[in-house]
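The values are calculated or read from the model by the stated rules, or taken from the named source; none is laboratory data. Keep in mind that this is a model prediction, so the values were computed, not measured. Glycine also receives a Cβ, built like all others from the backbone with ideal geometry; neighbour counts cover every protein chain displayed. Heavy atoms of the whole protein, side chains included, go into the accessibility calculation; ligands, DNA and RNA do not. Shrake-Rupley method; radii C 1.70, N 1.55, O 1.52, S 1.80 Å.
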Amino acid sequence: MTKVAFIGLGTMGLAMAGNIIKGGHSVTGFDASADAMESHRNNGGDTAASAAEATDGAEVVFSMLPNGKIVHQAIFGEGGAVHGMADGAILVDMSTISPSETDGVRAGLAEKGFDMVDAPVGRTSDNAKTGTSLFMVGGAAETIAKVRHLLDCMGDTVIDCGGPGMGTRMKIVNNLMSTTTNAVTAQILNFSDALGLDRDLSIEVMSGTPAGKGHMSTTYPAKVLKGDLSPAFMVNLAKKDLDIALVQAEELGVPLTVSKAAAEVYVEAQEAGRGTDDWTTLYDMLRKT
Ligand code: NAD
């Protein structure tokens, strides 16, 4: 049994702490909200009056908080976790914060002699409830090994992202992809509706092409990731298709702002003499500029 402290018992943290308890470990929680602490007690956990008190005697301290400023305050501020941490305790921050904030927390903890793992979470609060979260972890391999059994209580996938701070960096890359594709998905389904297409049919069609399958698992491994830029589908043709849709959208008065921004990248490729390359040449171009 590991003695755990858990700071931040909100939508994610409450469920995750509950899953650590189910795994047979003791979890003393702290949250700014009294209701959250009561819910944690109802799940079989203990609570403390401050983060520092919660961490007293804990071997591993988890934080799952809204943003970097709050993470910093909950660890280093008055009554913060670091003031209660015993020698050898490891802090695992699972919050989504910026790389520089993660690096700052790691440096502050190192000054006091503590190790840290950044372990932001992929997937949703439903996965947090069912213990099927995905963790993108950053830290020294031996530190990750010491907390791995606890991550396994909360998730089914743990990916070592390659060193301190790399978990947070992976998380922001992942979320940039998903937040951007969410916006483009909304605009394109709205465009499809405006053209009078049946939405289910549009989804069926796009689910069977790179449009819905995603380039990373289709066109990229087939071409640019192998260093092959010979055209399976050339930039000039892709740009022609993009323009057809942009003109149509203009006539219909529907917004395609994400696709307009994408068109600029195709123009850049054409201006760089890549018009007859495979359309995945965009990645090659960006890497070389
Ligand atoms: P939340 O707002 O539901 O929970 C945050 C908790 O922190 C709240 O209970 C709040 O009272 C508590 N808190 C705030 N300041 C505090 C302090 N100083 N000391 C102690 N407790 C404090 O947020 P959430 O959805 O649980 O998300 C937590 C983190 O996980 C965020 O960084 C979020 O971006 C990330 N995340 C969320 C999801 C999701 O689906 N909700 C998925 C992946 C990652």
Farthest positive-ward along the stretch 170-287 dipole, Cα basis, beta-carbon charges - from P231, V173, V184: V173
Could you tell me what fraction of 2.2 N^0.38 Å the Cα radius of gyration of the stretch 170-287 comes to, as a two-decimal ratio? 1.10
Need the full-extension length gain, R148 to S125, defined as separation in residues times 0.36 nm minus the C-alpha distance. One decimal, nm. 6.3 nm
Using a 1.4 Å probe on the protein chains only, how many percent of the accessible area of the stretch 170-287 belongs to carbon and sulfur? 60 percent
The chain: proportion of alpha-carbon pairs further apart than 26 angstrom, %: 54 percent
For the chain, list the DSSP H helices whose alpha carbon atoms reach 27 Å or more along the long axis and whose average Kyte-Doolittle value is 0.0 or above? 166-194
I'd like to check one number: the per residue accessible area of the chain, probe 1.4 Å, reported in Å² as a whole number. 50 Å²
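Normalise the Cα radius of gyration of the stretch 245-289 by 2.2 N^0.38 Å (N = residues in it) and let me know the number.
Relative to the rule-of-thumb radius for its length, the stretch 245-289 sits at 1.35.
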Using +1 at the C-beta of Lys and Arg and -1 at the C-beta of Asp and Glu, which of V265, Q248, P210 has the Cα lying farthest in the positive direction of the dipole of the stretch 150-289? V265
How high is the relative contact order of the chain, in percent, counting Cα pairs under 8 Å that sit 6 or more residues apart? 12 percent
Return the single residue from R41, R169, R274 with maximal mean-square fluctuation; model: Gaussian network over the chain, springs between Cα atoms under 10 Å. R274
Full-extension gain in nm, T276 to Q73, via 0.36 nm per residue minus C-alpha separation: 67.7 nm
